[in-house]
Amino acid sequence: MIYLFLVFTLFGKGDYYTGEGIAHYGDKKTIDEAIEDAKKNAREDLAKNIKVVVKSTVIRTIGEDAEMVSDKFKKFIQEKSKVVLQGVEYSDTLIDTEKKAVTITARILKRVYDKKVEEDLKEKKSRIIQYYRESEEDLKKGFYTLALKSLYRARGYIWIFFKDLPINGDLNGDGKEDEELKAAVQGKIDRLIGELTFEPVNKKLLFTSTGNVTGNVGFHIYWKEKGVYNAVGNFPVYASFVKGKGEIVMPEVTTDNTGYAELDVENIDPSYSNVVIKIKPLIEKFFGIIPFSEGKKDEAITQLKKELGVLPEWNINITKKKSLALSVYAVSGKKRFILSNIRNEVEEIIRGKGYDVVDKNIMSTPDIEKMKALKEQGFDYICIIKVSVHSEYISDFEMYMARASGIIKLYSTVEKTEVQSIPIGTTKKKFAVDRSTAVWNAIGALRSALIRKVKLLNL
C-alpha cells in the first residue's frame, strides 16, 4: 500500500521558487534520515532553479558586460545561488512505501529571495566603494599603510564576492555609476606600490666566520610622492634567506613611525661567501578581516596574491668578512706553549687588514684535510707563527743561555697550499740564572722582528 501525504497545491506556483528533493530509506537508512536527505536535496534543487533570477539580478547590479566574462560569470552565479537561504518552507512529506522513497518540496517567496540577492550584492559593492574612499582620505593625511590596507580589502572583496567581474560604481561621488571598480582599485594599488622606496641603513654588511653580523641589519621604507620621501610607518614585511643559510629571529617585522625596522640575524653559515636576505610586504596582513569561506582563507589569499601581480621585493646583501685562523706558539725542548701576548699584537695587525681573526692554536703544519675542514668553517687563510727556542746551561758562567728564531707561514684554504713563508732571524744569546727566564728573554728579543715581519703578509 502507498501512503501519500499530499503536497499543498500552492507549492511551485506563482509567487514562489521551488525545488524538489527525493531520498530513499531501507536497511541502512531510516525514514527520518531519508526525510532529512530529501530536505537537503530539495534545497539544492531550489538553488538550481533560482539561478535565472540571480543571473538577472547580477547583470542589473554589475552590468551587461559581466556576461562576457563567461567562466568567471558562471562560477559567480553558481556560488551566489548557494547563498544561505532564509525563509525556506518545506511541504509535507510524500512517502512511497513501494519504492521506499520520500519526496519533499522546498519553496521560497520570489520577492523575498530577489530582495535578498539584490541587497547582498549592493552591500558588497558599497563596501568596496567605502574602502576606496577611505584610502583617499588616508592618503590626504599621509597614512600610506592605512590607505594601502583599505585598497587591498577592496581588492579582496572584488575577487571573493564578485570573482573579478567588471563592476561599475560611483567612486567620485558624482552620482554616476560609470567607474569600473577593479580597474580603479588595482590601478591605485599599483601606483602606491610603485612609489615605495627601500633603503638599508648599512650599504655594506659583513658577517664573521662565527656567523655573526658586524653591522646593524636595519632599513627604512619610504613613500615617494612628488619628489618627497615620506616615512611609511606600521608597514608589515617578511624576511627570508634566498641565498645562503642563517637564522632570522623574528622574520615578520613592522616599521615604526619613521619607517624604520630592524632584523635580528645570526648563525649565518660561514661556508657561503655572501648571503642574501629578501624582504617583501607581508600581504596577508593587509586584507584584515574578510569573511572568507570557512577553511578557504589560505587558498583565497594565495589566489589573491596571484591576481594582484608582482609585488615589490628588496634584498639585503651580507658578505662574509675575510677570515683567518691564527696560531702563535713556541717550542722549547719538548715543550710547546701559546704566546698569548704576541698573538694579541698579531691579531690587531691582521684585523687592520680587514680580516676576522680566530685563534685556532694549531701547533703543526696543516695537512690537506685540515685546510679543507677550516675552509668549510669559513676560513680563507691559516697563519701559523712558530718560535723555536734553543737553551742550554753554560757551566763556565753558571747561567742558562737561550736564543730564539721563528718563521711565519701563510696557507690558503682555497688553494689548499702554503702561499707565503717569512723567516725571522735568530736573536742574540740571552742569559739568566734559570732556564725559564732565559727562554722568555730570548722570545722577548724576537718580538719586534716578528711584528715587523707580520706586516709583510700578503693579505
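Here are the numbers for this structure:
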item	result
For Thr413, distant residues with modelled amide H under 5 Å away	Tyr381, Ile382
Highest to lowest packing among 402-415, 187-200, scored as the average C-beta count within 10 Å	402-415, 187-200
Answer label, with mean projected area of the Cα convex hull in nm² calculated from the coordinates and candidates (1) 38.5; (2) 24.4; (3) 51.8	(1)
Those aspartates and glutamates that a straight Cα-Cα span of less than 17 Å connects to Lys409, excepting residues fewer than 8 apart in one chain	Glu345, Glu347, Asp359, Asp367, Asp380, Glu418
Mean Cα-pair separation over length for the chain, i.e. relative contact order, pairs under 8 Å, 6 or more apart, %	9
Extension reserve of the Val112-Asn216 stretch, reckoned as 0.36 nm per residue once the Cα distance is removed	31.1 nm
Additional length obtainable on full extension of the chain from Glu199 to Arg127, 0.36 nm per residue less Cα span	22.4 nm
Net dipole in debye of the chain [+1 Lys, Arg Cβ; -1 Asp, Glu Cβ; about Cα centre; nearest 20]	2220
Principal axes of segment 164-203: Cα extent on each, largest first, Å	51, 22, 8
Potential lengthening between Lys243 and Lys429 on full extension [0.36 nm per residue; Cα-Cα distance subtracted]	61.3 nm
Sorted peptide list for 24-34, 145-155, criterion being average Cβ within 10 angstrom, highest first	145-155, 24-34
Thr258 versus Asn230: modelled label distance in nm, points set 7 Å from Cα along the beta carbon direction	2.0
Estimated distance in nm for a label pair at Asn341 and Glu266, the labels positioned 7 Å out from Cα along Cα-to-Cβ	3.6
Heavy-atom accessible area order for Phe235, Phe143, largest first, 1.4 Å probe	Phe143, Phe235
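The values are calculated or read from the model by the stated rules, or taken from the named source; none is laboratory data. Keep in mind it's a predicted model, so treat the numbers as computed, not measured. We place every Cβ from the backbone using ideal geometry, glycine too, and count neighbours over all the protein chains shown. Remember, those area values only see protein heavy atoms, side chains included, never the ligands or the DNA or RNA. Shrake-Rupley method; radii C 1.70, N 1.55, O 1.52, S 1.80 Å.
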